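Shown next, in structure tokens, is the structure this report addresses.
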Amino acid sequence: MRKYNVGVVGATGLVGREMVRMLEKRNFPVASMRLFASERSHGKTLKFKGKEIMVEKLTPLSFKASYVRGK
């Protein structure tokens, strides 16, 4: 089964938390999960499939291919 790299913007808000919950509940095939929110939420953690994932500050570079791949 193909797996996907997933990013959730607004992850600490009501809709973002629900999106993360639904992805987990429906066992969506996730290869990697990144969570984004405002600077105020940066550093908080949310659980996804039993793992704590740190929330990143959303910036204009957050989804640039070279930035995501760490180049």
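Considering (1) exposed (fewer than 11 other Cβ atoms within 10 Å of the Cβ); (2) within 12 Å of the chain's Cα centre (by Cα); (3) modelled with pLDDT of 95 or more, the lone condition that residue 5 does not fulfil carries the number (3).
Here is a yes/no grid of residues against (1) open to solvent by less than 70 Å² (accessible area, probe 1.4 Å); (2) outside any strand (DSSP E or B); (3) modelled with pLDDT of 95 or more; (4) out of contact with any Gly (no Cβ under 8 Å at 6 or more places or on another chain):
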{"residue": "15", "(1), (2), (3), (4)": "no, yes, yes, yes"}
{"residue": "23", "(1), (2), (3), (4)": "yes, yes, yes, yes"}
{"residue": "35", "(1), (2), (3), (4)": "yes, no, yes, no"}
{"residue": "59", "(1), (2), (3), (4)": "yes, yes, no, yes"}
{"residue": "71", "(1), (2), (3), (4)": "no, yes, no, yes"}
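When restricted to residues that are open to solvent by 100 Å² or more (accessible area, probe 1.4 Å) and in a loop (DSSP other than H, G, I, E, B), region 43-54 contains 1.
The values are calculated or read from the model by the stated rules, or taken from the named source; none is laboratory data. Source: prediction; values computed, not measured. Counting neighbours? That spans all protein chains shown, and the Cβs are built from the backbone with ideal geometry, glycine included. We work out accessible area using only protein heavy atoms, side chains counted, and drop any ligands, DNA or RNA first. Shrake-Rupley method; radii C 1.70, N 1.55, O 1.52, S 1.80 Å.
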